[in-house]
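Every number in this text was worked out from the coordinates using simple rules, so none of it is lab data. Source: prediction; values computed, not measured. So basically every Cβ, Gly included, is an ideal-geometry build from the backbone, and we count neighbours across all protein chains shown.
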Amino acid sequence: MSSTVDRRSGRIGRRSFLERGTLGMLATVAAVLTAGCGGSSSPSSARPSAASSSSGAYVSEEARKLVSAAASKGETTLTLSWSGNTLGGVEGYRKFEAVFNSMYGTNMKIDFTPGPSMTDMMAKVSQEVAAGRATSTDVLIGTDSHYVPILDRGVLEGYDYATLSPWIRPDMVAPNQIGVEIYGTTAGVLYNPGLVPESAVPHKLADTLDPRWKGKIASSPDAAYLDIVTLRPEWGPEKMKAFVTSLTDQVAGLLRVGEETRIVSGEFAMLVMGNTHSVTDLKGAQIKVVIPTDAGVTRFVYLGVPRTAAHPNLAKLFINMILSADGQRILYDVYSTDHYELPGSRSAEDLKAQGIDKSQMLAVNIQLVAQHPELKQVNQDLSRILREKGGK
Amino acid sequence: MQARALTGAVADSGPAAGILQWRPKIHPLWALIVPTVAIILGLLYSVFWLSFLQGLPGTAQAHFTIDNYISIYADAFALTALKNTLGFSLSAVAVALLFGTVTAWLTERTDLPGKAAIYTLMTLSLLLPGFFTAMGWLFLLHPRIGIVSQWLMRLTGLTEAPLSITTVAGMGWVQGLNLASLAFVLTAASFRSMDPTLEEAARANGARPFHVVRRIVLPLMTPGIVAAAMYIFTIALASFDVPAIIGLSNRIYTFSTYVYSKKVSADGLPQYGGIAAMSSMMVLVAILISYLYGRVIKRADRYQVVTGKGYRPDRTRLGRRAILAWLFVGAYVAMAKVFPLLLLIWAAGLRFFQPPSAQAFSQLSWQNFRGMPLDLVLKGATNTAQLMIAVPTLAILASFGFSWMIVRSRSRLRVLLDFFAFLPHAVPGLIFGVGAMFVALFLLKGLPLYGSVTLIAIVYVVQHLSFGTRLLNTSLLQIHRDLEEAAVISGASGLRTARKILAPLVRPAILNGWVWLALISYRELTVATLLFTPRNITLPTVVWNVWSSGNYGVAAAISLVLLSCLMPLILIYYIVGRRTAASSAARGPARI
């Protein structure tokens, strides 16, 4: 949609304002009509009028305030740093930049630098905030395992993200309002179909203990997903530790996130466990994924703004943008995943196409993990077993 | 003897005292030494302080405790990692010395042609990322997918691969190939300066070439070889790329990957206290190695061969043995340079890294080159270029100050200075990086150090001080004092003696050291990754971050483009190498 936007000042022109006002009125009408149709109850804080979430051009009053605040503080560049492929890496940030500027009528630039893993970046940001320094990234990405330890440490700024847009539901906002869910990652066993015939594909975790896989399986140094699988009713910490102790005899090596191509090369026959969307990302390669029926979990990934971020207003607007319809579309295009609970989600379609019932999947978010403090010790124990070969 | 007596006489006379007995109130070289020692001590102290800390500095959770030491020393896994590290490092030393020292002897002491080409090829390996070499060897000798492993199993009918790269020795082999270039440069200078008199005497008495090498050359080269061995050992101790690619994915942990796995606590926060406690073991090793090296240096007079008396390095004629020599050098070049380069080219053409096959060939494309983040590469290149100029210049300056004081002066602090010069190298760079980060973040808040290229440069200079001092120590050791004594007796001032006598003789070592330190600065990864911020990202960090996110093809493409851009530097090195070879040849005819 064209607009009379002054791209130097970022101010929205009159014509664009009229268009947005019209959409806002339509959104209000739609909200009134759909108010009785279920969905999460609103918190006490006022929620913005809701247009259809497919309208990427909608900008709430709160978001416009952030745009003005960014302009007045001279925030013109958003500094982002995360592991190279996350959110599509270089390709992703260019597309997000275009959607951002189109949505808000700005001329913002994203300064993206591929950085270390989520864990290492969380550690870096934590110490930068503790030292009162501007952080290396204006937006911090992480899962529950990264956010739960810092819930009460004042690392991330608390902000009522639900006021930004109708597509940000209050239950998507992390405790203490330190972040928002932006997409889900589903766990699965990644395998090389050239080495694992269809008849031998593991449909339960215990199938990976088949002696034929001895010395051919990889796992991860941090026991990815295996800790949260213990929250499923079939498992529990002790049962999972026993499984991993047996699994470690099968394991030939440990792969970090991003090394899934070593399954493609045949160095390992399968990875227990990895991200299912990695397979979509590696389209055309010799790699497939199966979600074990007794280990179906989806873990949400969050974005939050560090307390000492140099460009906090742009950072919040970025988070809002990525959850818009256009933002989620770009996210799926560049990263093969999106938030499966948002309307129009293609991840939801993927799960349906694979015959996976979402209701059978355990959705793991910060709220759930915060209720299980024992998970920290479980993860440490599982990691130690995998790393140290069960202590033998 | 007369020269020594004269020196003694001169030394006793106050105003006529030469450079050796120059006792100004404060020797100018201390201006180089004192700040360097202060930085070394400051960083080490900050690490020692951190070793007693748990929790994040600057937060309410931070508290002092000895638990870091207890948990490290009581951890059987840590001891296993240290045992692996020892095996890995010793293997790397053996391989590096084998290829590096023999190649250095062939280049400097024989009439083997193509010396400049050998110098250039040895330099080339520093431009290739170490992790690509490691990946390449996985595809050669991995027990399941290794091409050579598969072939050997078919040939012998074995069900398991007879050779495997996924062992401590295998990792040491790869690391040794990477470090042979350093062994080459560290020993080549000594070979170049060695007086042929003793060799000639041995040959004149009927000694065969093998006996000459064993009874004359090797003993004379002992200080240089021992120094090179110690240096390479400590590099291997702290190296990360080969253990991360081969070891980590096969659950073989060394010190660096152990630290990597322990860097972040279960709280998701950095736990530098544990790492700092582990480093205390490394400091003890450093002290031991420094002591052993000091013992070798103490007996250095026995190895002095460059005197004021008709010094002309000689060359051994190889004759038909040159074919064997070329086979040896060729095999090393193929394994350590050609193969990784071919692998780099292969990876750059593929979207998904896979062994060569007909299907893989059909997937080759330019996609990775088109997808390179050029603005990021330019940013990294700018930062790296700054480091490549500043670090060798400052390191050589500081090293000269240390080396002169250690080798040429009679200061009572010589042993201590040598200890300080060598210590930073024996302490893993990761630890100095942690100390530097802590100091910049929390203590020197008023200075714009944190996240800057300057901070990385400071750590590099300290880290590479030992390389510079080893190079210059060896060079200065080979120069007998009688040259300077002669100048003093003739009335030259200390500064003139240094400028006219000493500087020309050590200039090759300085130039050589500068180029090598520039290349080492280009290649360094561990500290750059630790101190990484978007502002100070270096080229190796760009490549590593892209590589570790699974984009092997794009990482390979970036590496190839950089290699091409650095060709002018390689060309310069080739030209310098030819001139060095020419001047070596001019110093004396070859003799059998």
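Radius of gyration and Dmax for region A:102-184's Cα atoms, expressed in Å?
According to the Cα coordinates of region A:102-184, Rg and Dmax are 13.9, 37 Å.
Once you treat every alpha carbon in region B:492-566 as an equal point and sum by Debye, what is log10 I(q)/I(0) at q = 0.26 Å⁻¹?
Evaluating at q = 0.26 Å⁻¹ gives log10 I(q)/I(0) of -1.17.
Report the Stokes-Einstein translational diffusion coefficient (µm² s⁻¹, integer) for region B:388-496, Rh taken as the Kirkwood radius over Cα pairs, at 25 °C with viscosity 0.890 mPa s.
Here the translational diffusion coefficient equals 156 µm²/s.
Of the beta bridges DSSP finds with both residues in the protein assembly as shown, what % are antiparallel, to the nearest 5?
Close to 55 percent.
Take the Cα gyration tensor of the protein assembly as shown, multiply each eigenvalue by 5, square-root it, and list the three semi-axes largest first, rounded to whole angstrom.
57, 32, 26
Which parts of region A:314-336 would a label at B:Q359 reach, counting a residue when its backbone N lies under 19 Å from a point 7 Å out along Cα-to-Cβ?
In region A:314-336, the label zone of B:Q359 (backbone N under 19 Å from the point 7 Å along Cα→Cβ) covers no residue.
Only Lys, Arg, Asp and Glu count, each charged at its Cβ (+1, +1, -1, -1), so figure out the dipole size of chain B about its Cα centre, rounded to 20 debye.
The calculated dipole for chain B is roughly 1580 debye.
Averaged over its residues, how many other protein chain Cβ atoms are within 10 Å of peptide B:349-358's Cβ atoms?
Counting other chains' Cβ atoms within 10 Å and averaging over B:349-358 gives 3.
Could you tell me which helices of chain B pass both thresholds, a Cα extent of 27 Å or more along their own axis and a mean Kyte-Doolittle hydropathy of at least 0.0, with helices taken as whole DSSP H runs?
B:30-50, B:76-109, B:168-193, B:218-238, B:272-298, B:374-403, B:453-477, B:503-523, B:567-586
If you wrap a convex hull around the C-alpha atoms of region B:17-116 and split its volume per residue, what is the figure in Å³?
264 Å³
Among B:I406, A:A69, A:T280, whose Cα lies farthest out toward the positive end of the dipole of the protein assembly as shown, if unit charges sit on the beta carbon of Lys, Arg (+1) and Asp, Glu (-1)?
The listed residue farthest towards the positive side: B:I406.
Hey, if you drop one equal point scatterer on each alpha-carbon of region B:422-464 and run the Debye formula without solvent, what base-10 log of I(q)/I(0) do you get at q = 0.20, 0.21, 0.28, 0.29 Å⁻¹?
Values, matching the q order: -0.57, -0.62, -0.96, -1.00.
Any chance you could get the radius of gyration and Dmax over the Cα atoms of region A:181-338, in Å?
Both quantities, over Cα of region A:181-338: 17.5, 55 Å.
For peptide A:108-117, how many partner chain Cβ atoms fall within 10 Å of a residue's Cβ, on average?
6
Using DSSP to call loops (not H, G, I, E or B), can you name the trypsin sites (Lys or Arg not before Pro) in region A:195-264 whose Cβ has at most 16 other Cβ atoms within 10 angstrom?
Sparse-neighbourhood loop trypsin sites (Lys or Arg not before Pro): A:K204, A:K214.
Counting other Cβ atoms within 10 Å of each Cβ, which trypsin sites (Lys or Arg not before Pro) in region A:277-370 have at most 16 and sit in a DSSP loop?
Those that pass, being in a loop and sparsely packed, are A:K283.
What is the Cα coordinate range of region B:122-219 on the first, second and third principal axes, sorted by size from largest, in whole angstrom?
56, 34, 19
Using a cut-off of 17 Å between alpha-carbon atoms, which lysines can reach A:K214, once sequence neighbours fewer than 8 places away in the same chain are excluded?
Excluding near neighbours in sequence, the set is A:K204, A:K389, A:K392.
Going by C-beta contacts inside 10 Å, put A:E157, A:E349 in order with the fewest on the left.
Neighbour counts put them in this order, fewest first: A:E349, A:E157.
Name the lysines eligible as straight-distance cross-link partners of A:K109: C-alpha to C-alpha under 23 Å, and not fewer than 8 places from it in the same chain.
A:K65, A:K73, A:K95, A:K316, B:K379
Counting partner chain Cβ atoms within 10 Å of every residue's Cβ in A:253-260, what's the average?
Mean number of neighbouring Cβ atoms from other chains: 5.
Which whole number in µm²/s is D for region A:326-376 by Stokes-Einstein, with the Kirkwood Rh taken over Cα pairs at 37 °C and 0.692 mPa s?
261 µm²/s
Report the Stokes-Einstein translational diffusion coefficient (µm² s⁻¹, integer) for region B:309-378, Rh taken as the Kirkwood radius over Cα pairs, at 37 °C with viscosity 0.692 mPa s.
Using the Kirkwood radius from Cα pairs, D works out to 202 µm²/s.
Using only the alpha carbons of region A:229-302, what is the convex hull's orientation-averaged projected area in square nanometres?
Value for region A:229-302: 5.8 nm².
When you have a sec, figure out the Kirkwood radius of region A:163-215 from all distinct Cα pair distances and drop it here in Å to one decimal?
Final number for the Kirkwood radius of region A:163-215 is 15.0 Å.
Can you give the charge dipole size of the protein assembly as shown about its Cα centre, rounded to the nearest 20 debye, using +1 on the beta carbon of Lys and Arg and -1 on the beta carbon of Asp and Glu?
Here the size comes out at about 4000 debye.
Computed on alpha carbon atoms, what radius of gyration and Dmax characterise region B:427-555, expressed in Å?
Spelled out, the Cα radius of gyration and Dmax of region B:427-555 are 20.4, 67 Å.
Among all the lysines, which ones have a C-alpha under 19 Å from B:K337's C-alpha, if same-chain residues fewer than 8 places away are not counted?
Within the straight-line cut-off, B:K337 pairs with B:K115.
Go through A:V301, A:A269, B:W326 and say which Cα lies farthest out towards the positive end of the charge dipole of the protein assembly as shown; charges sit on Cβ, +1 for Lys and Arg, -1 for Asp and Glu.
Most positive-ward Cα: B:W326.
Using only alpha carbon positions, build the gyration tensor of chain B, then give the equivalent ellipsoid semi-axes as the square roots of 5 times its eigenvalues, largest first, whole angstrom.
They are 40, 32, 22 Å, listed from largest to smallest.
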